[in-house]
Amino acid sequence: MWIYGYLNKNEEVILTKDTDFYNRYLNSESGPKVIYFQLGNITLPALHEYFSKNWVPIKELIKECDFLIARKDSIETFKRKGK
């Protein structure tokens, strides 16, 4: 997956609802930072409300971790060992 390498090299962050990135994170020792959204099917107004309330904390948390799971009622962070 060339995009994965590009994002890692350029210190970009992946924003996704795709479980493939979660599985890849669990099985790799390096890679780009990932914010994995587990919000389910929500309306556009509810999504806007979610980001209005949570975007600033999400941006701050991803600075200190490698992987973040953003849910409707919680945000969970992970950091690779050795970092």
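The values are calculated or read from the model by the stated rules, or taken from the named source; none is laboratory data. Treat the numbers as computed from the prediction; the structure is a model and nothing was measured. Heads up, the Cβs are rebuilt from the backbone with ideal geometry, glycines too, and the neighbour counts pull from every protein chain shown. In case anyone asks, the SASA skips ligands and DNA or RNA and just uses the protein heavy atoms, side chains included. Shrake-Rupley method; radii C 1.70, N 1.55, O 1.52, S 1.80 Å.
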message: Can you tally the net charge around residue 15? Count Lys and Arg as +1, Asp and Glu as -1, for every other residue whose Cβ sits under 12 Å from the Cβ of residue 15.
response: +1
query: How much area per residue is accessible in the chain when the probe is 1.4 Å and only protein heavy atoms are counted (Å²)?
result: 71
query: Using a probe of 1.4 angstrom, how much of the accessible area of the chain is carbon and sulfur, in percent?
result: 53
field: Helix-only CD estimate at 222 nm, as mean residue ellipticity for the chain, using -39500 (n - 2.57) per DSSP H run (n ≥ 4)
entry: -14000 deg cm²/dmol
field: Fraction of antiparallel bridges per DSSP, the chain only, in percent to nearest 5
entry: 30
- line: One point scatterer per Cα, no solvent, Debye formula: log10 I(q)/I(0) for the chain at q = 0.16, 0.21 Å⁻¹ comes out as -0.62, -1.00
